[in-house]
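Below: one structure in structure tokens.
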Amino acid sequence: MNTAPTLAENLARVRERIDAAAARAGRLGDEITLVAISKTHPAERIRELHEAGVRHFGENRVQEWESKRARLPDLDAVWHMIGHVQSNKAARVVRLFDSVDSVDSLALAERLNKAKESLPAEDMEREEKGKGGEDPRQRLRVLIEVKLDPEPAKSGISEENVPRLVEALQPLPHLELRGLMGVPPYCDDPEQVRPYFQRLRELRDAVRAQMGRESLPVLSMGMSHDFEVAIEEGATEVRVGSALFGERRKA
Ligand SMILES: *Cc1c(COP(=O)(O)O)cnc(C)c1O
């Protein structure tokens, strides 16, 4: 009776919730990218969810993902870094990830840009295959992480500094800034975080007014317990861990 649901069953439930939230906002569930947050879970679980159809995964620790990725060399997916990146790990990060969703300083962006420029030739060839852009050296997709949680320990750049960072990233040739990411404070009632999601969307819209309406198409916001509210407020990507993989063990 009480058997644990399979990953495929969890995925079906999450997709239903995404579709329902999107419908409430007059959008299509298909427009929303599901990024499965696989931190703390073994490589085999990633493979299982990939078989069920997920193509975006997120991890927050370089070391952990380095060891897991070695066991998944054949999987075709977009790998997102969602945790704080120390500048001295930029070279490893550009080798291990397709997107850095947590850029929070110009210094880090510059390190990533430089690291991407000096990727070894073999990595470039691997990237060229199957992705087929005109530029053989693909640009690294990045999001700016905005600090929504007033708590000092939480990561991200403060809202008022976002426009300046957006501007400063433009000349970096090996980065492609796609949008903003944010994590609101945790509240049991997801309705209480709605204003944070609204603020992130408004910030994006303000930057657009300045940079052009094609800029920053991506809003990465919403986790297992609050992604429906985030979608109603304009999320284009949701980062879902425990609703897919089950609860993480507390460290
Ligand atoms: C862990 C994590 C998630 C996923 O959290 P869940 O509550 O398990 O869905 C999303 N975003 C970030 C930045 C995370 O660190």
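Could you please find all residues in segment 81-101 being of a type in the set (S, T, N, Q) and either within 12 Å of the ligand (Cβ to nearest atom) or in a loop (DSSP other than H, G, I, E, B) (or both)?
Passing the criteria: only GLN86.
What pairs come up if the first residue lies in segment 96-121 and is among the aromatic types (Phe, Trp, Tyr), the second is within 16 Å of the ligand (Cβ to nearest atom), and their beta carbons are under 7 Å apart, counting only those six or more places apart or on different chains?
That search, which allows pairs on different chains as well, returns PHE97/TRP79; PHE97/HIS80; PHE97/MET81.
Just checking, how many residues over segment 146-163 are more than 15 Å from SER105 (Cβ to Cβ) and acidic (Asp, Glu)?
Residues that pass the stated criteria total 2.
Helices (runs of 4 or more DSSP H) wholly in segment 1-73 with at least 2 residues that are closer than 26 Å to GLU232 by Cβ, in contact with a helix residue (DSSP H, G or I) (Cβ under 8 Å, 6 or more places away or on another chain) and within 15 Å of the ligand (Cβ to nearest atom) - which ones?
In segment 1-73, the matching helices (runs of 4 or more DSSP H) lie at 7-24.
Could I ask something else about it? So which of VAL238, VAL166 ends up being touching a residue at least 60 places away in the same chain (Cβ under 8 Å), within 29 Å of VAL94 (Cβ to Cβ) and among the hydrophobic types (A, V, I, L, M, F, W, C)?
Just one listed residue meets the conditions, VAL238.
Now for a separate question. Restricting attention to segment 189-242, which residues are away from the ligand (no atom under 15 Å from the Cβ), among the aliphatic types (A, V, I, L, M) and not in a loop (DSSP other than H, G, I, E, B)?
LEU203, ALA206, VAL207, ALA209, MET211
Quick note: the coordinates plus some simple rules give every number you see, no bench work behind them. All of these numbers come straight from a predicted model, not from anything done at the bench. Cβ atoms come from the backbone with ideal geometry, glycine included; neighbour counts cover every protein chain shown.
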